[in-house]
Each structure stands twice: as C-alpha cells, then as structure tokens.
Amino acid sequence: MRFTRSIKIAPSILSADFANFGAEIRAIEGQGCDWVHVDVMDGHFVPNLTFGPQLCAAIRPHIKTVMDVHLMIAPVDPYIEAFAQAGADILTAHLESGPHIHRTLQAIRASGAKAGLALNPGTGLDGVGHLLDMVDLVCVMTVNPGFGGQQFIHSQIDKVRALRAMIGDRPIHIEIDGGITPETAPLMAAVGADVLVAGSAVFKGGSVDKPEVYGANIRAIRAAAEAATAFMA
Ligand code: DX5
Ligand code: ZN
C-alpha cells in the first residue's frame, strides 16, 4: 500500500447484501472503489452485532484492493491476531475501547497489519498526539458507531481540521465514517480527510445485477470530494 493523500472511497459492506458478500465486493471493486470497509461489531462496545474473523477470512479472497477492518469491539487485544490472520490490511481500534489503546496499537503493528485509531464523535483530540507515531490512519467517526444510515454530525468538521494540522507531514490517513454522501463528503475533504467510508450512499438503489448504480454513487461522492480539494493540490 503506497501512501497518498488522494481521495479514496471505501464502501462499507454493512449496507451490502449479507447473503452475497463475494459478488457485492466484486461489484463495488468493478465500479471503482478504492478500499473495502468491514464493520465488526460486538453487541457490547456498540449496540449491534455483525461479523468476526471467520467472515473476514471468507471474503478476503474476493478483495483485490484494501481490506479495511473497523473493530467496534471491546476488548480488542484478544482478537487482533485472528483478524490479522484473516487478512486485514488495516485494523482500526477505538480509543474508547479500553484503558490501554497504546498497547493495542502496538499489538496491531506487531501483527503485521497497518494500525488505525478510531475516535467517537464525543471524543476529543487530547491524547491522540501521543499516539501519532504509532498509527497509519485515524478514523473520525461522523456518527455514533453501531448502525448505517445515520445523520452526519457536523461538529466533526473542526475535529478533522485540527487533526490534519496535528498530523503535519506524517504519512497518516484521515478516514471519516458515517453519514457520508455527495453533500457531506466535500465538507470533510476540504479540511483534510482522504478516506471516505460510505455505506448507504454507495449501495443505495443498486445491486449485484445493477452494479452501474454503485458506480454512479461512487463517482458522485468522489467528484464532490475532489472538487473540494482542487485548491489543495
Ligand atoms: C457505523 C459504521 C459505518 C457505517 C457507515 O458504525 O462504522 O462504517 O456502516 O454507514 P453509512 O455510510 O450508511 O452512514
Ligand atoms: Zn466503519
């Protein structure tokens, strides 16, 4: 994975057909997505349950781009090795998932995966500075984690702007996750986000039999975000 700050669209398969992940992944990749975002939920850290390492391992052969695994689980540490073995390129853990996020990030890097740090909307940037030299990605949640299809939280724009300034020249991606549409993507791209996760806005109206709708949805988000960053190039 070569580092670049160009806009990357990462569809969340939380909005895909759960009976057909392989075909859904081929459809979104065929339509030009950059990464595939996999939302792991434990019914404890967040009030919803999704999938575990076995599902990740099963879908891995279908992913040709980047497997971006978002761990909304607590504790995290006992499961890092299993998700790394399942083939995750990036493993993102929440700062709020326990008292030892530093140890968790060390363990993720030691597993061979890239390390991501996720922040809930109510979490500030205090403490993040101490972690910046051990992460490859910071994910700013723009909804409270747990469900797709929620409303974008505008207060996170200032957080991303401040985070971008903190990161400086470090090769760290800023990912935003939740409520991303062609309307909200440019607000975040303009202040420094480069990885845009979108579930409902990518999958809406399409299917594996109508993949061109996914393509149009991806292009609409990308075009809106790129227009907002044109002045930054
Ligand atoms: C929320 C997840 C998101 C979610 C995004 O807990 O982390 O990745 O699937 O879905 P939309 O784009 O529908 O808000
Ligand atoms: Zn996510």
Original post:
Could you give the dipole magnitude of the range 1-109 about its Cα centre, charging the beta-carbon of Lys and Arg +1 and that of Asp and Glu -1, in debye to the nearest 20?
Top reply: 380 debye
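What stretch of the chain, leaving out the sites themselves, is the longest with no chymotrypsin sites (Phe, Trp or Tyr not before Pro) in a DSSP loop having at most 13 other Cβ atoms within 10 Å? Before the final figure, lay out each step's value.
Values: sites that count: F3, F18.
It works out to 19-233.
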Original post:
Pulled fully out, how much extra length does the chain show between N48 and H62, if you take 0.36 nm times their separation in residues and subtract their Cα-Cα distance?
Top reply: 2.5 nm
Original post:
Quick one: what does P(r) look like for the chain with 10 Å bins over all Cα pairs, in whole %?
Top reply: 8, 36, 40, 15, 1
**OP:** Can you tell me how much longer the chain between A216 and N20 gets when fully stretched, taken as 0.36 nm per residue apart minus their C-alpha distance, in nm with one decimal?
**Re:** 68.5 nm
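For the chain, which whole percent of the accessible surface, found with a 1.4 angstrom probe, sits on carbon and sulfur atoms?
Working: 5220 of 9660 Å².
Exposed carbon and sulfur together represent 54 percent of the surface.
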Subject >> Which of I218, G179, T142, positive extreme of dipole for the chain (C-beta unit charges) >> reply: I218
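Would you kindly state how much longer the chain becomes between S207 and A110 on full extension, computed as 0.36 nm times their sequence separation minus their alpha carbon distance, in nm to one decimal? Spell out each step's value before the answer.
Details: separation 97, 0.36 × 97 = 34.92 nm, distance 3.79 nm.
Extra length from S207 to A110 when fully extended: 31.1 nm.
Indicate the helices, whole DSSP H runs only, in the chain that combine a mean Kyte-Doolittle hydropathy of -1.0 or more with a Cα extent along their long axis of 20 angstrom or more. Working shown, then result.
Working: long enough: 211-229 (27 Å, 0.12).
For the chain, where a helix must reach 20 Å along its axis and average at least -1.0, the hits are 211-229.
Can you give the charge dipole size of the chain about its Cα centre, rounded to the nearest 20 debye, using +1 on the beta carbon of Lys and Arg and -1 on the beta carbon of Asp and Glu? Don't skip to the end; give the middle numbers.
Values: 17 positive and 23 negative charges, 77 e Å.
About 360 debye.
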Subject >> Per residue, in Å², the accessible surface of the chain once ligands and nucleic acids are set aside, probe 1.4 Å >> reply: 41 Å²
**OP:** Please report how far the C-alpha centroid of the range 72-94 lies from that of the range 12-30, rounded to the nearest whole angstrom.
**Re:** 21 Å
**OP:** Determine the order of D158, D89 by accessible area, beginning with the largest, at a probe radius of 1.4 Å.
**Re:** D158, D89
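The values are calculated or read from the model by the stated rules, or taken from the named source; none is laboratory data. The structure displayed is predicted, hence computed values, not measured ones. Neighbour counts run over all protein chains shown; Cβ positions are idealised from the backbone, glycine included. In case anyone asks, the SASA skips ligands and DNA or RNA and just uses the protein heavy atoms, side chains included. Shrake-Rupley method; radii C 1.70, N 1.55, O 1.52, S 1.80 Å.
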